[in-house]
Amino acid sequence: MSEKREHNLGKKIKSSFQSRKFKGGAYATIISSVVIVIVLLINLFVQELGIKKDLTADGKYSLTEETKDFIKNINHNITIYYLVESGGEIDEFKRIVDNYDNLNSKVSVKYKDPVQYPKFATQYVEDEIGAQSFLVVNEDTNVAKYIPYQNLFDYEINSSTYQYDVTGLKVEEQIDAAISFVTNEDLPTVYTLTGHGEASVTSYLSGLYKDNNITATEFSSLTAQSVPEDCDVLLINMPQYDLTEEETAFLKDYLAKGGDAIFFVDYVTNSLPNVVSLLNYYGVDVVDGLVVEGDSQYTISSRYPTLLVPKISSHEFVKNIKDKKYIVVPVGSGLAIRNDLRDTIETNTILKTSDKAYSKINVNSTVAEKEENDIPGTFILGLEVKEAVGEKETRIAVYTGKAFLEDQYLKTTSFGNADLIINTINAMSGQENALSIRSTSLDEPMVSMNTAQKDRIGLVTVVLLPLFFLATGITVVVRRRRK
């Protein structure tokens with residue numbers, strides 16, 4: 001009896017190995033094993049070849065298209081030295097800098113150990129050299145620029161700990177600026193007008209100038225007789241007190257000789273007749289009041305209708321901003337082009353509101369809605385004026401926004417305010433190949449949506465989808481009951 005049981009058990013075991021279920025399972029196991037082996041072999045092969053792919057959502061470790069185009073057009077022999085002890089490379093630094101090695105045969109990346117070669121960099125620069133830094137050298141001219149470790153990050157003060165937190169990576173930005181520095185003999189100089197209650201240049205904006213090889217200094221027209229000769233661009237940043245007749249005359253003379261200027265204006269500007277006369281001479285009117293946007297698609301939030309997100313036109317000042325970033329115009333006044341333009345003047349609109357905007361005459365009003373005396377839009381929020389002057393050309397950019405150049409709007413990487421001011425300066429000063437690359441945020445990217453987009457998504461997820469599932473459920477129940 002026991003022999004028969006053993007025979008039947010053996011027969012069952014044997015038949016189980018021959019069953020369709022076992023064969024299917026065995027086949028699946030073999031396929032899975034083969035796939036795992038193939039994946040392992042591919043990983044080993046890719047690792048051996050040093051192939052890497054940046055899969056981060058915002059391309060943290062890839063170069064921007066602007067940088068790629070810039071490097072491909074370099075005609076000098078450039079060497080980028082990563083100064084680091086062998087084996088101590090920071091992976092993020094290495095992954096970014098290695099991208100420069102494959103774009104142009106004239107641009108190369110080399111690693112140099114500052115411990116093993118402590119005096120290597122001193123043949124090019126006088127800076128105190130540290131590890132985890134970069135040195136960019138123009139081998140044709142021997143001009144070099146050193147980038148210390150601390151300049152490769154963005155920092156912000158943590159309001160809880162009062163310590164500086166690292167918030168962004170600036171490797172690409174700093175290397176691009178260094179290459180631009182060593183290949184460019186004529187770097188721009190910006191003079192900022194002072195003495196009339198102008199908004200001060202913040203430390204972040206000063207750093208932005210430095211990172212982009214822009215020399216910036218202050219200039220008081222109260223004590224000077226003329227604009228300095230080496231001024232490429234004059235910045236007039238929201239004066240709160242008027243110019244004198246003498247100041248107005250020599251600023252007008254500077255512009256009439258082909259000088260370039262950037263004006264930032266606000267709702268105070270129209271109370272300054274000499275400033276207004278200077279703008280009027282070049283065909284620009286400042287509209288009374290401050291702009292309120294009636295279309296929430298063009299604001300940061302429907303709760304803040306004076307934090308404007310304008311439409312961006314095609315223009316060289318916004319070449320790397322349009323369709324990529326927002327520009328925020330906080331508490332701005334409207335601009336308009338005068339009807340009595342001289343034939344020699346050309347104007348180009350850069351930023352504008354929707355046709356639902358209006359200018360609130362009473363800037364102290366607590367009512368956001370349009371009132372009887374308010375002026376209906378559309379309004380210009382940024383424009384360029386050009387006028388030929390013999391062989392030269394006067395270029396004036398006029399932007400509006402009370403806090404346009406404050407840190408909170410310059411630092412935010414999804415905003416294009418910093419790019420706009422740097423682009424404007426570079427274009428006016430003839431820096432055709434200059435870049436405006438911002439730091440890469442180390443935070444996980446968040447989806448940015450305007451109010452209308454939020455409302456549409458809310459409608460779909462909160463109303464339409466539940467209704468769809470409810471209708472589907474009712475349909476299924478009704479059909480089952482009928483059966």
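For Asn270, what charge total do you get from the other residues with a beta carbon under 13 Å from its beta carbon, if Lys and Arg give +1 and Asp and Glu give -1? Once positives and negatives cancel, what remains is -4. Here the contact order of the range 188-430, divided by its residue count and restricted to Cα pairs under 8 Å and six or more residues apart, works out to 22 percent. Counting Lys and Arg as +1 and Asp and Glu as -1 over every other residue whose Cβ lies under 10 Å from the Cβ of Asn75, the net charge comes to 0.
Distance between the modelled labels on Phe181 and Glu391, one decimal in nanometres: 3.3 nm (7 Å Cα→Cβ projection).
Placing a label point 7 Å from the Cα of Glu245 along the Cα-to-Cβ direction, the residues of the range 259-287 with a backbone N closer than 20 Å are 271-281.
Over 19 Å between Cα atoms: which of Lys145/Lys210; Lys322/Lys352; Lys319/Lys392 fall into that group? Over 19 Å apart, Cα to Cα: Lys319/Lys392. On full extension, the segment bounded by Thr122 and Asp140 gains 4.7 nm, given 0.36 nm per residue less the C-alpha separation.
Each of Val284, Val291, Val463 was scored by other Cβ atoms within 10 Å of its Cβ. Listed from fewest to most, they are Val463, Val284, Val291.
Remark on Val284: its backbone amide H falls under 5 Å from those of Arg338, a criterion applied only to residues 5 or more positions apart or on other chains, H modelled at 1.01 Å from N. For the range 329-345 versus the range 244-299, the spacing of their alpha-carbon centroids is 8 Å. With all projection directions averaged, the alpha carbon convex hull of the range 59-128 covers 5.6 nm².
For the range 55-184, evaluate the Debye formula with one uniform point scatterer on each Cα (no solvent term) and list log10 I(q)/I(0) at q = 0.15 Å⁻¹, rounded to two decimals. Each listed q maps to, in turn, -0.73. May I ask for the net charge around Val190, where only other residues with Cβ less than 11 Å from the Cβ of Val190 are counted and Lys, Arg are +1 while Asp, Glu are -1? Charge balance near Val190 sits at -4. Here the gap between Glu369 and Ala224, fully extended at 0.36 nm per residue and compared with their Cα-Cα distance, gives a gain of 47.6 nm.
Read-outs: derived from the displayed coordinates by stated rules, not from any lab. It should be emphasised that the depicted structure is a prediction, and the values quoted were computed from it without experimental measurement. Glycine also receives a Cβ, built like all others from the backbone with ideal geometry; neighbour counts cover every protein chain displayed.
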